[in-house]
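See structure below.
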Amino acid sequence: AVDTALNREGRAERGGYAPDLKPPEFVAAVMKGLAADQFEIGFGYTERSLRASRDEIDRSFAQMNSRW
């Protein structure tokens, strides 16, 4: 997640989650990927997910959905 002004009220209602990632850092990474003509561009967790096996993706999906 990128720390922006979007939905700060909603995040406050859910415990005040504030992501560490600032927009300039994220944009710089995306621009680097575009300059390298990358077909898919990930950052942090999503960068690892792009290279994950099917089993790793399934485990991650199950973990994310176990909270609900």
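The values are calculated or read from the model by the stated rules, or taken from the named source; none is laboratory data. Not measured: the values here are computed from a predicted model. Backbone-built Cβ (ideal geometry, glycine too); neighbour counts: all protein chains shown.
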TODO: Tell me, yes or no, whether the range 52-63 has at least one residue that is in contact (Cβ under 8 Å) with a residue 12 or more places away in the chain and not basic (Lys, Arg).
DONE: no
- [ ] Scan the range 14-32 for residues that are aliphatic (A, V, I, L, M) and modelled with pLDDT of 85 or more and jot them down.
- [x] Val27, Ala28, Ala29, Val30, Met31
